[in-house]
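One structure is given below, encoded as structure tokens.
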Amino acid sequence: MEWSRRSFLSAAAALPAAPVALAAMSRPQPSASADSFEPWLQVDPTAIAANAREIARLAGGRPVIAVVKNNAYGLGVRLVGEILRDIDDIAACAVVTPGAAHELADVGLDKPILLMARVEDADAEALVRRGVRLSTVDESTGAQIERIARRVGDPIPVHAYLDTGMSRLGVPFRRATEFLVSLGSGGAAIIEGTFMGFAEEDEFDAMQLARFADVARDARRAGVSIGALHAASSHALFFRQEALLDTVRPGLVVYGAYPAGARDTDAASLTPAFRLRARVARVTRLEAGDGVSYGQNYVAERPTWVATLPVGHADGYPRRAVEGCEVLIGDRVYPVIGAVSASHTIVEVGEEPSVRVGDEAILMGPDHPAIHPNEIAERAGISVYDVLMHLSARLPRRV
Ligand SMILES: *Cc1c(COP(=O)(O)O)cnc(C)c1O
């Protein structure tokens with residue numbers, strides 16, 4: 001019989017399709033076995049604990065609110081929630097979606113959870129009942145807090161988010177004193193904290209901080225209790241000592257990456273808390289003139305070995321890694337060549353086939369300077385925030 005499309009389809013029709021599909025559905029997790037050729041993300045609790053210690057030191061012992069937004073900067077919010085639960089240097093966590101707040105509560109994080117976002121009433125009430133702190137994203141949030149407090153029958157702890165110049169979220173600074181006085185004296189809210197975010201532009205930050213200090217001073221003079229002041233993200237921890245205030249609120253540094261410009265300082269030693277890993281799926285020899293991947297951007301000038309890694313930009317490895325990034329296999333790094341496709345990355349091995357199918361590769365992590373997330377960001381010409389936050393939520397996680 002000729003092997004045609006029709007015979008393939010009729011052969012497939014003869015297979016017991018339903019039981020196969022059911023078996024696949026009942027499989028608990030994407031394969032994360034040690035021998036799997038699926039790429040995976042390894043998360044390192046020890047590194048997160050060490051980073052938390054460094055942050056607490058940089059913050060001069062002030063309490064640390066760890067920002068775990070955007071799936072904990074790509075690492076996985078549930079997993080990171082479980083890790084932070086046991087780290088005493090982290091006093092609280094902050095998120096930007098109700099879903100993430102619930103996930104943290106679900107893993108039993110027994111630290112305050114701050115939600116820095118607008119939420120609808122139904123979500124707000126459910127969150128408040130679980131102890132999550134709402135923020136004021138504009139003046140109308142004052143009325144929402146009153147509604148929720150009435151429903152739950154008690155004043156609720158909140159954080160007053162003020163807009164001192166980002167024009168993103170918060171009560172605009174020009175009307176903030178009035179707002180704080182009204183919120184603080186209305187009986188519905190207990191203002192546990194008052195906060196702002198910086199634009200991370202040197203002179204402008206100084207002006208923002210001055211605006212914030214003015215509002216805080218005026219509100220307190222008016223007799224309102226406005227709780228702990230916080231403003232410092234990772235950048236301010238390194239570059240704006242006077243903004244550390246009562247408590248700090250960093251994200252990026254928790255996961256071991258440096259804000260722009262901070263890696264060259266020796267103010268702190270952070271450890272990337274994750275590794276993007278995969279196992280070599282193919283090793284082959286190219287002849288002179290053979291090209292690699294979409295666009296054939298790479299053409300071998302002389303015979304050379306190349307290795308294929310089954311991990312690509314759909315998993316979060318940057319497309320632009322082809323502009324100078326390297327991959328660690330064994331104790332050597334190999335340059336990325338050709339193109340990073342959705343699920344594949346190819347590296348040049350060289351004249352000797354020093355890499356074998358099944359060898360473990362690390363595309364990002366703390367193990368070599370070339371694969372440090374900040375180095376990847378620099379070589380690929382992208383933001384280090386993108387390097388972390390684009391890690392796919394579908395990657396199997398291993399601790
Ligand atoms: C993201 C975010 C942070 C943390 O910023 P990093 O630069 O990651 O430290 C702090 N505060 C707010 C309001 C944020 O949105």
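List of remarks:
- Using a simple spin-label model with pseudo-atoms 7 Å out from Cα toward Cβ, ASP218 and GLU120 lie 3.6 nm apart.
- Options ALA370, VAL253, ASN70, ranked by Cα towards positive dipole end of the chain, top entry (Cβ charges): ASN70
- Semi-axis lengths, Å, the chain, gyration tensor of Cα atoms, sqrt of 5 times eigenvalues: 47, 27, 17
- Taking every protein chain into account, the accessible area of segment 317-377 amounts to 40 square angstrom per residue (probe 1.4 Å).
- Residue-by-residue Karplus 3J(HN,Hα) for segment 337-342, coefficients 6.51, -1.76, 1.60, Hz, glycine and proline x: 10, x, 7, 8, 9, 3
- Residues in segment 58-96 that a label on VAL399 would reach, taking backbone N under 13 Å of a point 7 Å out along Cα→Cβ: 78-87
- Here segment 178-327 is described by how far its Cα atoms reach on the three principal axes: 79, 33, 28 Å, from widest to narrowest.
- Viscosity 1.306 mPa s, temperature 10 °C, Stokes-Einstein D of segment 247-315 from Kirkwood C-alpha radius, µm²/s: 99 µm²/s
- Subtracting the Cα-Cα distance of GLU351 and GLN296 from their residue separation scaled by 0.36 nm leaves 17.8 nm.
- Across segment 244-257, coupling constants 3J(HN,Hα) worked out from phi with the 6.51/-1.76/1.60 Karplus curve, θ = phi - 60°, read 6, 6, 8, 8, 10, 9, x, x, 2, 5, 4, 8, x, 9 Hz, and Gly and Pro carry x.
- Bridge type composition, the chain - antiparallel percent by DSSP, nearest 5: 55 percent
- Distance (nanometres) between label positions extended 7 Å along Cα→Cβ at ASP154 and ALA34: 4.9 nm
- Loop-located GluC sites (Glu not before Pro) in segment 286-337 (DSSP state not H, G, I, E or B) with no more than 16 neighbouring Cβ atoms inside 10 Å: GLU287, GLU301, GLU323.
- Sulfur and carbon atoms: percent of accessible area, the chain [1.4 Å]: 51 percent
- Here the Karplus curve 6.51 cos²θ - 1.76 cosθ + 1.60, taken at θ = phi - 60°, turns the phi angles of segment 181-189 into couplings of 4, 5, 5, x, 9, x, x, 8, 10 Hz, with x standing for Gly and Pro.
- Per residue, segment 141-231 exposes 46 Å² of accessible surface when a 1.4 Å probe is rolled over the protein heavy atoms with every protein chain present.
The values are calculated or read from the model by the stated rules, or taken from the named source; none is laboratory data. Note that this is a predicted model, so its numbers are computed, not measured. Note: ideal-geometry Cβ built from the backbone for every residue, glycine included; neighbour counts use all protein chains shown. Quick note on the areas: whole protein, heavy atoms, side chains included, nothing else; ligands and nucleic acids left out. Shrake-Rupley method; radii C 1.70, N 1.55, O 1.52, S 1.80 Å.
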